[in-house]
Amino acid sequence: MSEKILTDRYQFMFGNVYQKGAIIAMCLDLYLIHYSNGTMDLAKLMRQLAESYGPTRPFDDDMLLKEITQLTYPEIGTFFDRHVQGDQPLPIKECLALAGIG
């Protein structure tokens, strides 16, 4: 969990993350499975992050997406840049197609 999750800096984003978080997680999971040819998924990434962070060691908000990109694939960083930090809509149809839907 972010050390600053309840601070004024991030509090205004709570609704946005709450509403889009599940879809972002779905896309991230499907991209990880796709780029790794099935050897990595969101659960594996979460276990890797849990080795570094926990209840007494929060992650650095400004570095988390970069760290996830380093642990995974450059394309994940592009997804974050465009659709999480950027203003492009989430690529829901593209992600669902990776799961054979659509």
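All told, residue 71 meets the bar of being out of contact with any Asp or Glu (no Cβ under 8 Å at 6 or more places or on another chain) and either modelled with pLDDT of 95 or more or among the small types (Gly, Ala, Ser) (or both). The set of residues in region 83-102 that are open to solvent by 40 Å² or more (accessible area, probe 1.4 Å) and modelled with pLDDT of 95 or more comprises 92, 93, 94, 96, 97, 98, 99, 100, 101. Residues in region 65-82 that are without any contact (Cβ under 8 Å) to a residue 40 or more places away in the chain and charged (D, E, K, R) were compared, and the one that is least open to solvent (accessible area, probe 1.4 Å) is 67. Here is the figure for region 22-63: residues that are open to solvent by less than 30 Å² (accessible area, probe 1.4 Å), of a type outside the set (Gly, Ala, Ser) and out of contact with any Cys (no Cβ under 6 Å at 6 or more places or on another chain) total 6.
The values are calculated or read from the model by the stated rules, or taken from the named source; none is laboratory data. It should be emphasised that the depicted structure is a prediction, and the values quoted were computed from it without experimental measurement. As a convention, Cβ positions derive from the backbone with ideal geometry for all residues, glycine included, and neighbour counts pool all protein chains shown. Keep in mind that these areas ignore ligands, DNA and RNA; they rest on the heavy atoms of the full protein, side chains included. Shrake-Rupley method; radii C 1.70, N 1.55, O 1.52, S 1.80 Å.
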